[in-house]
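Participant: Below you'll find the structure I mean.
The values are calculated or read from the model by the stated rules, or taken from the named source; none is laboratory data. Being a predicted model, the structure only gives us computed values, none of them experimental. Using ideal geometry, Cβ is built from the backbone for each residue, glycine included, and neighbour counts are taken over all protein chains shown. Ligands, DNA and RNA are excluded from the accessible area calculation, which covers all protein heavy atoms including side chains. Shrake-Rupley method; radii C 1.70, N 1.55, O 1.52, S 1.80 Å.
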Amino acid sequence: MAASRHVLDYPRFLGRLLWMSTDGSWRFYVWMTALTAICLVGANAWARQLVDGMALTGMSDHVSWGLYVANFTFGVGLAAGAVMMVIPAYLYHDHEMHDVTLVGELLAVAAIALSLLFIVVDMGHPERAWHLIPGVGRFNWPVSMLTWDVVVLNGYLLLNLHVCGYLLYMRFLGQKPRKRWYLPFVFLSIFWAVSIHSVTAFLYSGLGGRPFWNSALLAPRFIASAFITGPAFVILLLQVIRRFTGLPIGEGPGRTLTSVMRVTVLLNLFMLGSEVFTAFYTGGAHAAPVQYLFFGLHGHHALVPWIWTAVACNVGSAVLLHLPASRRHVTVLNVACVLAFVGVWIEKGMGLIIPGFVPSTLHELVEYVPTLTEWKITAGIWAFGLMLLTVAVKVALPVLSGQLASHGAHEPVQRPPDVARQSAA
Amino acid sequence: MNDVTRRTALKGAGATLGAAAFAHALAPLTEWTEDLSLDAFLQRHYKELTPSDMKAVLWRLQMDAKREYGRDVTIQDLPPQEGVGFGYALNLSICIGCRKCVEACHQENNHDRRTGNSYIRVLEMEQGSLDMERGNADYDHAVPAPGKYYLPVQCQQCDNAPCVKVCPVQATWKEQDGVVVVDYNWCIGCRYCEAACPYHARRFNWSKPEVPADEINPDQGYLSNRIRPQGVVEKCTFCLHRTRAGRLPACLEACPTGARVFGNLLDPKSPIRWVLENKRVFVLKEELGTRPRFFYFFDK
């Protein structure tokens, strides 16, 4: 019965959300203006890079991937980890989690969008992206792991868009969501979250000529660290939401996510230690990239301060999370989350990509330092991701909390005049 | 109500300002789209081009070369010959590390002059060791140096090529005669192949190649030495514009010591077959299972 009605009403609903997203307090406008400015700087740098070529980056034939691919990898992890919220909510029937599950899914959407953008700016010919469209171009599936990544990333994006959109729309209509329209997709997205980060790990670990990456432990390490950054980000985000929107979010979800992190930070450190042991105890050519990363090699040591910062952050967050103070003082928890986030960003970013190329396959040592162009573009994409997330969370939460609802979908929806203000920022 | 109109007006102003700033930020793109023709954008994959498509493409590319580099060039698309499978061998006992091959490759293949690019890298290695970690590609002294030998490395034209496997759009593949090629008009510039290659055999065009008109080699192939566009990957093709016409690779002709042997692996009477049958031959990084068509041997 309702199918034909929804065809019109759903776009209308989305339109209203979009319009609503442009309303907010002065804090919201300042925040969005700042992000827009950073985005524009990034867009301009990217346009220049397209014209003048990727010689504007610090990459070379020796180190052919750099900051962009590093951030891509991290972004995929963030998206996978964001779905950590879904497991307690649906698998263990933790009802308090249900309300905030959506936040995790929205974060996943923003993180995937960010990852895809990092791939676009890393391409020499982005206008040829249509060569990747199955049927139209020549999709090297199933042989190329990159095609698997295209499939899983876009699939994950669609899955999360569907679940978020459906749940919000039903809440908006004041109807009970029908399980068969979202539960199968939710369960699928849990498996899918694991797949996006495993496939991304296989991109690297499948290359026999790169000993630093050619490790079966890479995919598990990726998953462990994803389940650090996702929860860390959501814990911080929930506090921001509680503070600026006044929405009632219980303590439960934060506690659950903290417990998850207590396990994953240790697991991540353990696996890192296992890899370091294998490399150094064996020695030889296989140890060279690890040697370069941690201690420098033949006078080259660009990454050494980076990786030790990461180790300090990771160990620091592990210690803080296991102190009783992390249960009592939210500041301690917040510091631990920030440390964990930064630590993994370095370790699964530059600390993972660059040593794959140093020393090169002919054992030459050519170092890589990102240029200003790369930093500008990277900052621009992160700003864009944060804009997406801000808008998504800002329009989704009033719907979720019932502040914005349609009373009978056929009637023109009256906008409560105070909603915009209340949901501001 | 008044507040709403003022708010809407401010939003309108903000949106206009934003759009203008966005247009300004992306303004360099106009420069980029000038170089991008619709024909080039829509061009199909090499294997999907009909003979008449190919004719049109080659003509367009020749016009581009004339316009952008000021040189009349001939770009051909020579197919592999029936019953030919190319192989290359290199005698490490007599290579003196002079890098004439590097230079010849640079000129023959219209490499960027600013970067001095070449498909060949010569490693100066310690006598008695195959450990590349103890090699050096940036030596700058008289050769041959005592206690050293020289290991030139170029594309190994692997039969199980990691670069071909990983390409997401099939922009690189192995031809019937064993040469791994790249369609420069199909490559999306992701550089996954560069990451996958264990021999550092691929090069990316980080910027538009600079070659003076009078130094351009006008004898060009679609899949080999035509001047590459910015933002695509390229590699050694055993000089297929020469070798498919019965000539020898430029690196071989330039070698002063005769260390290089090239030929048809399928012809039992070819010199390359003689080397494989009579010398002690090895390939680089055999443990990776790439099955190279580039062989190394020693006299003693």
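Participant: Condition first: at the interface with chain A (Cβ under 7 Å from one of its Cβ atoms) and either part of a helix (DSSP H, G or I) or more than 14 Å from the chain's Cα centre (by Cα) (or both). Now tell me which residues in region B:187-197 satisfy that.
Facilitator: Correct list: B:I188, B:C190, B:Y192, B:E194, B:A195, B:A196.
Participant: Right, another one. So which residues in region A:166-183 are surrounded by fewer than 16 Cβ atoms within 10 Å (Cβ to Cβ) and assigned to a helix (DSSP H, G or I)?
Facilitator: Selection gives A:K179, A:R180, A:W181, A:L183.
Participant: Please pick out the residue among A:G137, A:G104, A:G124 that is farther than 18 Å from A:W345 by Cβ and buried (at least 23 other Cβ atoms within 10 Å of the Cβ).
Facilitator: Criteria check complete, one pass: A:G104.
Participant: While we're looking at this one, here's another question. Take region B:233-250 and flag every residue that is part of a loop (DSSP other than H, G, I, E, B) and more than 14 Å from chain A (Cβ to nearest Cβ).
Facilitator: Within region B:233-250, B:T237, B:F238, B:C239, B:R244, B:A245, B:G246, B:R247, B:L248, B:P249 qualify.
Participant: Determine which member of the set A:A409, A:A405 is closer than 30 Å to A:E251 by Cβ, open to solvent by less than 40 Å² (accessible area, probe 1.4 Å) and modelled with pLDDT under 95.
Facilitator: A:A405
Participant: Right, next: Can you confirm whether A:G209 is of a type in the set (G, A, S), open to solvent by less than 30 Å² (accessible area, probe 1.4 Å) and not in a helix (DSSP H, G or I)?
Facilitator: It is true that A:G209 is of a type in the set (G, A, S), open to solvent by less than 30 Å² (accessible area, probe 1.4 Å) and not in a helix (DSSP H, G or I).
Participant: May I ask you to say which residue of A:L257, A:L267, A:L237 is closer than 27 Å to A:L161 by Cβ, part of a helix (DSSP H, G or I), more than 14 Å from every other protein chain (Cβ to nearest Cβ) and open to solvent by 20 Å² or more (accessible area, probe 1.4 Å)?
Facilitator: A:L237
Participant: In region A:140-150, which residue that is part of a loop (DSSP other than H, G, I, E, B) and facing chain B (nearest Cβ under 7 Å) is surrounded by the fewest Cβ atoms within 10 Å (Cβ to Cβ)?
Facilitator: That would be A:V143.
Participant: Of the conditions (1) open to solvent by 10 Å² or more (accessible area, probe 1.4 Å); (2) of a type outside the set (A, V, I, L, M, F, W, C); (3) in contact with a Ser or Thr (Cβ under 7 Å, 6 or more places away or on another chain); (4) away from every other protein chain (no Cβ under 14 Å), B:Q230 fails just one. Which one is it?
Facilitator: That leaves (4) as the condition not met.
Participant: Then there is this: Would you mind telling me which numbered condition in (1) farther than 22 Å from B:H241 by Cβ; (2) under 21 Å from the mean Cα position of the chain (by Cα) B:D64 fails?
Facilitator: (1)
Participant: Within region A:44-55, which residues are facing chain B (nearest Cβ under 8 Å) and open to solvent by 20 Å² or more (accessible area, probe 1.4 Å)?
Facilitator: Answer for region A:44-55, where residues must be facing chain B (nearest Cβ under 8 Å) and open to solvent by 20 Å² or more (accessible area, probe 1.4 Å): A:N44, A:R48, A:V51, A:D52, A:A55.
Participant: For region A:1-96, list the helices (runs of 4 or more DSSP H) that sit wholly inside it and hold at least 3 residues that are in contact with a Ser or Thr (Cβ under 8 Å, 6 or more places away or on another chain), at pLDDT 90 or above and not aliphatic (A, V, I, L, M); which are they?
Facilitator: In region A:1-96, the matching helices (runs of 4 or more DSSP H) lie at A:26-52, A:67-82.
Participant: On the given criteria, is B:C155 under 22 Å from A:D61 (Cβ atoms) and more than 11 Å from chain A (Cβ to nearest Cβ)?
Facilitator: yes
Participant: Now, a different point. Among the residues of region B:164-184, write down those that are in contact (Cβ under 8 Å) with a residue 24 or more places away in the chain, open to solvent by 10 Å² or more (accessible area, probe 1.4 Å) and either more than 10 Å from every other protein chain (Cβ to nearest Cβ) or over 24 Å from B:Q81 (Cβ atoms) (or both).
Facilitator: B:K165, B:V166, B:C167, B:E175, B:Q176
Participant: Answer yes if at least one residue in region A:345-362 is among the hydroxyl-bearing types (S, T, Y), in contact (Cβ under 8 Å) with a residue 12 or more places away in the chain and touching a Pro at 6+ places or on another chain (Cβ under 9 Å), and no otherwise.
Facilitator: Yes: region A:345-362 contains one or more residues that are among the hydroxyl-bearing types (S, T, Y), in contact (Cβ under 8 Å) with a residue 12 or more places away in the chain and touching a Pro at 6+ places or on another chain (Cβ under 9 Å).
Participant: Consider only pairs whose beta carbons are under 6 Å apart and that are at least six residues apart or on different chains; among these, list those whose first residue lies in region A:368-385 and is charged (D, E, K, R) and whose second residue is part of a helix (DSSP H, G or I) and surrounded by 22 or more Cβ atoms within 10 Å (Cβ to Cβ).
Facilitator: As it stands, the answer is A:E374/A:L67; A:K376/A:G42; A:K376/A:A45, since those pairs meet every condition given.
Participant: Taking region B:15-29 as the region of interest, how many residues are open to solvent by less than 70 Å² (accessible area, probe 1.4 Å) and either closer than 23 Å to B:R60 by Cα or more than 8 Å from chain A (Cβ to nearest Cβ) (or both)?
Facilitator: 5
Participant: For region B:284-300, give me each residue that is in a loop (DSSP other than H, G, I, E, B), more than 14 Å from chain A (Cβ to nearest Cβ) and under 22 Å from the mean Cα position of the chain (by Cα).
Facilitator: Selection gives B:R293 alone.
Participant: Quickly run through region A:305-334 and pick out the residues that are hydroxyl-bearing (S, T, Y) and open to solvent by less than 70 Å² (accessible area, probe 1.4 Å).
Facilitator: Across region A:305-334, the qualifying residues are A:T309, A:S317, A:S326.
Participant: Cβ-Cβ under 6 Å, sequence separation 6+ or interchain: first residue in region A:23-39 and within 10 Å of A:A383 (Cβ to Cβ), partner open to solvent by less than 50 Å² (accessible area, probe 1.4 Å). Which pairs?
Facilitator: A:L35/A:A383; A:L35/A:M387; A:I38/A:A379; A:I38/A:G380; A:I38/A:A383; A:C39/A:G380; A:C39/A:A383
Participant: Among the numbered criteria (1) within 14 Å of another protein chain (Cβ to nearest Cβ); (2) open to solvent by less than 70 Å² (accessible area, probe 1.4 Å); (3) without any contact (Cβ under 8 Å) to a residue 24 or more places away in the chain; (4) under 30 Å from B:C155 (Cβ atoms), which single criterion is violated by B:R7?
Facilitator: (4)
Participant: Is at least one residue of region A:189-198 within 30 Å of A:S274 (Cβ to Cβ) and touching a Gly at 6+ places or on another chain (Cβ under 6 Å)?
Facilitator: Within region A:189-198, one or more residues are within 30 Å of A:S274 (Cβ to Cβ) and touching a Gly at 6+ places or on another chain (Cβ under 6 Å).
Participant: Another question, then. Would you mind finding the one in B:N225, B:N160 that is surrounded by fewer than 21 Cβ atoms within 10 Å (Cβ to Cβ), in a loop (DSSP other than H, G, I, E, B) and either more than 11 Å from chain A (Cβ to nearest Cβ) or in contact (Cβ under 8 Å) with a residue 60 or more places away in the chain (or both)?
Facilitator: Being surrounded by fewer than 21 Cβ atoms within 10 Å (Cβ to Cβ), in a loop (DSSP other than H, G, I, E, B) and either more than 11 Å from chain A (Cβ to nearest Cβ) or in contact (Cβ under 8 Å) with a residue 60 or more places away in the chain (or both) holds for just one of B:N225, B:N160, which is B:N160.
Participant: Mind telling me which of the residues B:P292, B:P256, B:P268 ends up being more than 19 Å from B:C95 (Cβ to Cβ) and either touching a residue at least 12 places away in the same chain (Cβ under 8 Å) or not basic (K, R) (or both)?
Facilitator: The unique qualifying residue is B:P268.
Participant: When the residues of region A:335-384 are narrowed to those that are among the hydroxyl-bearing types (S, T, Y) and more than 15 Å from the chain's Cα centre (by Cα), which ends up surrounded by the fewest Cβ atoms within 10 Å (Cβ to Cβ)?
Facilitator: Among them, the one singled out is A:T371.
A quick yes/no check of all residues on (1) open to solvent by 60 Å² or more (accessible area, probe 1.4 Å); (2) small (G, A, S):
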position	(1), (2)
B:G97	no, yes
B:C101	no, no
B:C105	no, no
B:R113	no, no
B:R134	yes, no
B:A137	no, yes
B:H141	yes, no
